Amino acid sequence: MVLANAQKGNRHRVSEILTSDMVQGKLAAMGLVPGSEIEILQSSLHGAAIVSCRGAQLVLGRGLAQMIQLED
Amino acid sequence: MKEFQIVLAGNPNCGKSTIFNQLTGARQHVGNYPGVTVEKKEGKCTIGGRTFKVVDLPGAYSMDAHSEDEEAARQYLLENRDSDMVLVNVVDACNLERSLFLTLQLRELNVPMIFVLNMCDLARQRGIEFRKGEISEWLRLPVLECVGFTGEGVREMSEKIASLAGELENGTVPEDVPQWLKDLSLKGELPRTLPEELASDSENIAPKADAERSETENAALYYEAVSRILPQMISTAKAKGPVKTSFLDRLFLHRFLGLPLFFLMLYLIFQLTFTVGEYPMGWIESGVEALSEKVGSFWAEDSESLLKSLILDGIIAGVGGVVVFLPNIVLLFLAISILEDSGYMARAAVVMDRFMAKVGLHGKSFIPMMVGFGCTVPGIMATRTLDNRRERLATIFILPLMSCGARMPIYALLIPAFFPQAWHGNVLFLVYVIGILLAILLAKLLRVSILRGEPVPFVMELPAWHMPTLRTVGVKTLERGWIYLKKAGTIILGLSIILWALATFPQLPDTEAEKIAASVAAEMSGNVPEETAPAESAAAETVADAEEVSPEDALAAAQEERIAEAALEYSCSGKIGKAIEPLMKPMGMDWRVGTAFLGAFAAKEVFVAQMAIVYQGGDVEDEEVGEENVLKLGQKLKTQYASVDGEVSESRSMLVGWCFLLFSLIAAPCCATVGVVVREAGWKWAVGQYVGLTVIAWIICTAIYQIGTMCGM
C-alpha cells in the first residue's frame, strides 16, 4: 500500500521510498526512512498527508505520498 | 585571552534565534515556523569577562544540505571547525528522537560542543523527563536544559560555555567522539559492526560491506541506534503519549473548511486594519494639520518664503502624509505577528498546497509569500528554504504581488479616497486576494514556460501550535511600528525634501504667472478662450458657484490655483511627469500620479508622500468633505481623478480607484526588492521581474480603464 491511500488514524511501517536520492536524503534527515514507524494524522485523499514520525509532524505532498510504500 | 565563537546549530524551529537573542540581547526575528532564519546572524556577548562572537546558523535537519539555508549552515560549520569555537547544539526537547540525527552528525565534527535541550517546559508538560547523566554519557557532551523563551537555564548555559572556553584555552582537549558513533559512521571502508547492544535485531538494515552507504541507509542506521538509546535517555513513564492532531489542526486543516478559513482570516485582518485604524488615523491627521498651522504661523500669511514651502509643503506634507498611516501598519503587523507566532503560517502552507500544486509549486512556497505580506525583501530571502532552484525563482518572481506593509499606506490613502465607506475593508481584502491569485497565475505561466520542470515533492515539518503571548507579539508589533516611524523620519524625510525640490524648481517666472492670472481674469469675466481645458474651467466654475464667495475672492482663488498648477508643471517633477504622461493617460492617471509611482521605486510609501506634496497647495472646499473619515488628500484625489464634467461620479471614482490600486499592487517592485533579487537570483531576473510586472500592470490597468470608460463609467 502507498501512503496516499492510507487511512487516517492507522499506524504503519515504511517499507520503501521510491524517489530520487536527493528527496530520500531530505526525508531521511527529517526522520522518514524505510523502517520508520508512522501514524497517519490526515489522509492524503484531498491534498497533503500529515504523519507523525519520530515525534515530529510531517506534511507530505500528495505526489510524494504516492511514492512512499507502507507495510500492511 | 582568545576570542571564542559560540555557534548555535540545530533543527529548524528549535529556538536557536530565541537563545541567540537571550545571549546577545539582540532582537533577531523569531517565529513559530521552520525557516525564520535563512542566513547566519552574528552578535557579541560577554560572559565572566570573556567576549564571545555569537553566530546563529539557519536551521538544518542534517549536514547533507538540501536547500540553500541548510547549505549555509553546513558550510559555516565545515569552514570553522578548526577555529576556536564552542558549538551549541540546540535541540527541541519535545522532539529529541529526530533531533539526535543532526546531533550525531555534529558530534562527528569533533569540536568542543554542548547539548542544549530547549523548550524543556513544554516537554515537562508532556511528562517527559530527561536523564541528563545518561545523555551526557552517550554523547560524551555536557548536557543542559533551558527555556529560551523565558530565559530559564540560559545563565547556566553561558557559564558552561565560558568554563569550557577557559578549559580549552588551558589546553584541555575536548572529549573524543564516542566509540559506538565512530563505528556507526565508517562509510564503507571497513565492514561495520554495530556495538553489541545496538547490533541485535538490525539485520534488515544491515550495513553493506563493499559499497558506500547511501544517505538514506546511513540515516536508517543512525535512527536505529537512536531509537535504541532513546529509552535510556528519557523517561516517559508519566508521559501523556504523543500529541495527536489538536482541535486547531482538525479545524484549520479541514479538507473543506481550511481554505475558507484562511480567506476569512485575511478578510478579518483587513477589516480590522481599516475599521480600527480609522480613529487613530484621524487623530494623527489632526495633529499633523495643527503642527502645519503652528509652523506656518511663524511666517506672514502670504509669505512666499522657500523655507516655509520646504517645511510645510515638503517635510510636513510628505512625512506627515506617511505617518498618518502608522495605525494601519501597526495593526497589520500585529496580525502578521500573531500568524507567525501561533504556528498558523505552516498551516496556511498546507491549506494552499492544493492550489500551489496545480501551478507547479508547492505549499512550502506559500510561507515566503506570507512573509511577503510584511515586506517583500525577507519574503525573497525566505525562498532559500525551497529545495529546487526553478521553484525558488518562480516564487521570487511572483513575490512582489503579495502586498507588503509599505503598500498599506498607499491602499489606505486610495481606498477611502475612491470607495464608499462601507466597502473599505472589502476592497482592501480584494486587493490582497487579487494579488495572491495573480501570483499563482503568473507562477503557472512561469512553470510551463521558462521555468518548466518536474514539481519537487513537498515535505515540511508542522510546528506545534503555540499561544502567542502579549510580550512577543507586542514587542514585534511595536518594533515594526517604530521601524516605520524611523523610516518616515529618515528615508521618507530625505526623499520628501528631494521630491519637494523637484516639484518646486525651476520656479515659474513671474511673467508667466502674470500671463496666467490675466487669462484667468479674462475667463471669469465671461470670454472663455477656446483653448482652456474643460476640466480646468470647470474647477474655476465650482469655485465661482460657491455662494458665500465674493467674485474677487473667487478670481483670486482661481488664479492661485492655476498658477500653482502651472508652477508644478514647470518644475522638474512636472517635466519628468509630462514625459511619462502618455503612458499614464490610458490608465486614467496623469503626470502627477506618474511621478508618484516613479518616486515609489525608492520606497513604496513615497507614493503617498509625493501625492501629498503635489496636492499640498489649494485647500478642498469644506462642503466637499462631507463623508466621514476620509482624509483631505483623498478628497482632492477624488475631485481630481473621478470628475466627469465637473461632477464627481461615483462609478468613475471606483473605476479610477481600481486602476490606481492595481497599478500600485502589480507594477514596479521597490529598489530594495530589486536589490535583493539581484543578490538571490541575478541581474537578469531582477530586470525581467521589474519590467515584466510593470508591463503586466500597465496592460491590466489600461484594459480596465478603457473598457470601463467605454461602458460609460
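What follows draws every value from the coordinates through simple rules; no lab data is involved. Not measured: the values here are computed from a predicted model. Cβ atoms come from the backbone with ideal geometry, glycine included; neighbour counts cover every protein chain shown.
Summary of values
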quantity	calculated
On Cα atoms only, tilt of B:551-570 relative to the major axis of chain B in degrees	50
Segment B:17-59 - convex hull of the alpha-carbon atoms, volume per residue in Å³	58
Other-chain or far-sequence residues with amide H under 5 Å of B:ILE234's (modelled H)	B:ARG131
Shielding by other protein chains, B:350-356, mean Cβ within 10 Å	3
Segment A:3-70: Cα Rg divided by the 2.2 N^0.38 Å rule of thumb	0.95
For B:59-65, mean number of other protein chain Cβ atoms within 10 Å	3
10 Å Cβ neighbours from other chains, averaged over peptide B:214-222	6
log₁₀ of I(q)/I(0) at q = 0.16, 0.32, 0.33 Å⁻¹ - segment B:71-112, Debye sum with one point per alpha carbon	-0.44, -1.19, -1.21
Relative packing of B:116-127, B:560-571, B:678-689, which averages over residues the other C-beta atoms within 10 Å, highest first	B:116-127, B:560-571, B:678-689
Lysines with Cα under 21 Å of B:LYS182, excluding same-chain neighbours fewer than 8 positions away	B:LYS208
Amide H contacts under 5 Å for B:MET113, placed H, 5+ residues apart	B:LEU87
Cross-link reach list, lysines versus B:LYS487, counting only Cα pairs under 20 Å and skipping chain neighbours closer than eight places	B:LYS476, B:LYS604
Pairwise centroid distance, computed over Cα atoms, of segment B:562-603 with segment B:1-23, Å	51
Diffusion coefficient, µm² s⁻¹, Stokes-Einstein with Kirkwood Rh over alpha-carbon pairs of segment B:268-375 at 25 °C and 0.890 mPa s	144
Theoretical gain in end-to-end length, B:ALA566 to B:GLN125 [0.36 nm per residue, Cα-Cα removed]	151.6 nm
Percent breakdown of C-alpha pair distances by 10 Å bin, ordered from the shortest bin, for chain B	3, 13, 21, 21, 16, 11, 8, 5, 2, 1, 0
By average C-beta atoms within 10 angstrom, highest first, the peptides B:393-406, B:632-645	B:393-406, B:632-645
Relative contact order [Cα under 8 Å, 6+ residues apart], chain B, whole percent	12
³J(HN,Hα) computed for each position of segment B:507-512 - Karplus, 6.51 cos²θ - 1.76 cosθ + 1.60, integer Hz, glycine/proline x	6, 5, x, 4, 4, 4
Kirkwood Rh in Å, taken over segment B:4-180 so that all alpha-carbon pairs contribute	16.0
Cα centroid of segment B:266-301 to Cα centroid of segment B:304-320, whole Å	17
16 Å Cα cut-off, lysine pairs counted over segment B:4-180 (separation 8 or more, or different chains)	9
The protein assembly as shown: radius of gyration over Cα atoms, expressed as a fraction of 2.2 N^0.38 Å	1.13
Rounded tilt (10° steps) of B:326-342 against the dominant C-alpha axis of chain B	20
Size of charge dipole - chain B - debye, nearest 20, with Cβ of Lys, Arg +1 and Asp, Glu -1, no other charges	3140
Lysines whose Cα lies under 24 Å from that of B:LYS515, excluding same-chain neighbours fewer than 8 positions away	B:LYS575, B:LYS578
